[in-house]
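For reference, the structure is listed below as structure tokens.
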Amino acid sequence: MDLARLVELNAAYARAIDNEKFEEWPAFFLDPCLYKVTTVENVAKGLEAGVMYADSRGMLEDRVSALRTANIYERQRYRHIVGLPVVLAEADGIAEVETPFLIVRIMRDGNMTLFATGCYRDKVKPDAIGALRFVERIAVCDGSRFDTLVAIPF
Amino acid sequence: MDLARLVELNAAYARAIDNEKFEEWPAFFLDPCLYKVTTVENVAKGLEAGVMYADSRGMLEDRVSALRTANIYERQRYRHIVGLPVVLAEADGIAEVETPFLIVRIMRDGNMTLFATGCYRDKVKPDAIGALRFVERIAVCDGSRFDTLVAIPF
Amino acid sequence: MDLARLVELNAAYARAIDNEKFEEWPAFFLDPCLYKVTTVENVAKGLEAGVMYADSRGMLEDRVSALRTANIYERQRYRHIVGLPVVLAEADGIAEVETPFLIVRIMRDGNMTLFATGCYRDKVKPDAIGALRFVERIAVCDGSRFDTLVAIPF
């Protein structure tokens, strides 16, 4: 799979979230899909449950509604810095990719903190019109401040 | 516009600043140009004024002179980590691009802090010999420690 | 040298370290090689000695053994965010490249700190089968918390 197109996918994904265009977020996934936020410790222990879980676009859309209702995102902003993707394997048109990320949280007073670092473990596939989409996106966090009940997408 | 060339432009720009080759900085812009550092709050409120403003290479050069005279940059270093560019539109040879950034400030004692995060909102165009240059670069900060009177370029 | 391939090299290098696959690390270098971790101050003063030094794959392998014996890496994790490479020159099949980096350290309790920022100053060359490898990788740190005796590779 073309590296430039993976870079574009990741850049557009991060931009949608950081610009708080959450409604655009589910469209980055195929339907059904697997979206999960978890930690490196949970993965090492074989724990399946994550901090967030969705297996369809409908569940992703529910998540966005909850976020809009809670309005919690208004108290802070986030900035994703997405690193360089590594393509691990490719078969049947699906690429397995790992991409590191760092997320900074910015409070309303301008104070910035490291919110999370980790690695996206993705399965990426072109949709019907050839646009790359996530079959699977598992955000494995090295560390994170999971201190909000209704978190933004990772 | 070719993604690889946008990546090269951004990498060269960040390198010039982080290596304190400030005199190379104005040449990344066409003349006239628009260079502005502002905040996401100011943009949301429709406030035009930014923390820094220049509309010609001459103004950018003045900024560099002020910086060299103040010598303030000697007390700290900066490191830009520039994310992946998103091309939003392209017309008449000008590409509209958004690129996230994170800037770390390193004090002389080695202490590091998050100095700024944000997004460059750029208009990019090839110059007479085909090198990509900024018609416009607006650094929209999510957060930033604007605590120095004469700041380095963003 | 193709930018996409340099990006791939850097991404694979960072991934090996962050996933603690240290045994894969020496294979990113040709033999003999030059690997050094130093600071911007040392470079400015012309000091040759760095915080880490190796000039062969054997020395890199020794470093990994020391790390495994000390087990110190188990107390924390690291996350590299590698920026965009700038190719400075190219001659005799060797490219001179500078690439910024930021490393976050994540303690076992999930607490994250900026561990280091800086710039890789690399000489990169294809090996016998055409894979890009480091002839030289000098990690020049702007700042760093050099508080562990046996550090992970930068």
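The values are calculated or read from the model by the stated rules, or taken from the named source; none is laboratory data. Here the structure is a predicted model, which means the values were calculated and not measured. Positions of Cβ are backbone-derived with ideal geometry, glycine not excepted, and every protein chain shown enters the neighbour counts.
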Take the residues of region A:28-53 that are free of Cβ contacts under 8 Å to residues at least 24 places away in the same chain and of a type outside the set (D, E, K, R): which is surrounded by the fewest Cβ atoms within 10 Å (Cβ to Cβ)? A:G46
Please go through region B:124-135 and give me each residue that is surrounded by fewer than 21 Cβ atoms within 10 Å (Cβ to Cβ) and either touching an Asp or Glu at 6+ places or on another chain (Cβ under 6 Å) or closer than 25 Å to A:D18 by Cα (or both), ordered by number. B:R133, B:F134, B:V135
In this structure, is A:T117 within 16 Å of the chain's Cα centre (by Cα) and either at pLDDT 95 or above or in a strand (DSSP E or B) (or both)? yes
Only listed residue being touching an Asp or Glu at 6+ places or on another chain (Cβ under 8 Å) and either buried (at least 23 other Cβ atoms within 10 Å of the Cβ) or basic (K, R) (or both), chosen from C:R121, C:R108: C:R121
Within region B:106-117, is even one residue out of contact with any strand residue (DSSP E or B) (no Cβ under 6 Å at 6 or more places or on another chain) and within 20 Å of B:A11 (Cβ to Cβ)? no
Could you grab the pairs with beta carbons closer than 6 Å, sequence gap of 6+ or different chains, first residue in region C:94-105 and within 14 Å of chain A (Cβ to nearest Cβ) and touching a residue at least 40 places away in the same chain (Cβ under 8 Å), second one buried (at least 21 other Cβ atoms within 10 Å of the Cβ) and among the basic types (K, R)? none
Can A:Y53 be described as under 27 Å from C:V7 (Cα atoms) and hydroxyl-bearing (S, T, Y)? no
Residue within region A:56-68 that is touching a Pro at 6+ places or on another chain (Cβ under 8 Å), among the hydroxyl-bearing types (S, T, Y) and either farther than 25 Å from B:V82 by Cβ or crowded, with 16+ Cβ neighbours inside 10 Å (or both) present: yes
Hey, C:F146 in a loop (DSSP other than H, G, I, E, B), touching a residue at least 40 places away in the same chain (Cβ under 8 Å) and surrounded by 22 or more Cβ atoms within 10 Å (Cβ to Cβ) or not: no
Run B:R15 past the list (1) surrounded by 15 or more Cβ atoms within 10 Å (Cβ to Cβ); (2) charged (D, E, K, R); (3) touching a residue at least 40 places away in the same chain (Cβ under 8 Å) and report the number of the one that doesn't hold. (3)
Unmet criterion (only one of (1) free of Cβ contacts under 8 Å to residues at least 12 places away in the same chain; (2) buried (at least 19 other Cβ atoms within 10 Å of the Cβ)) for A:H80: (1)
Report yes if some residue within region A:5-13 is hydroxyl-bearing (S, T, Y) and under 18 Å from A:I81 (Cα atoms); otherwise report no. yes
For region C:90-114, which residues satisfy the criterion of being more than 23 Å from C:E41 (Cα to Cα) and assigned to a strand (DSSP E or B)? C:E90, C:A91, C:I94, C:A95, C:I106, C:M107, C:M112
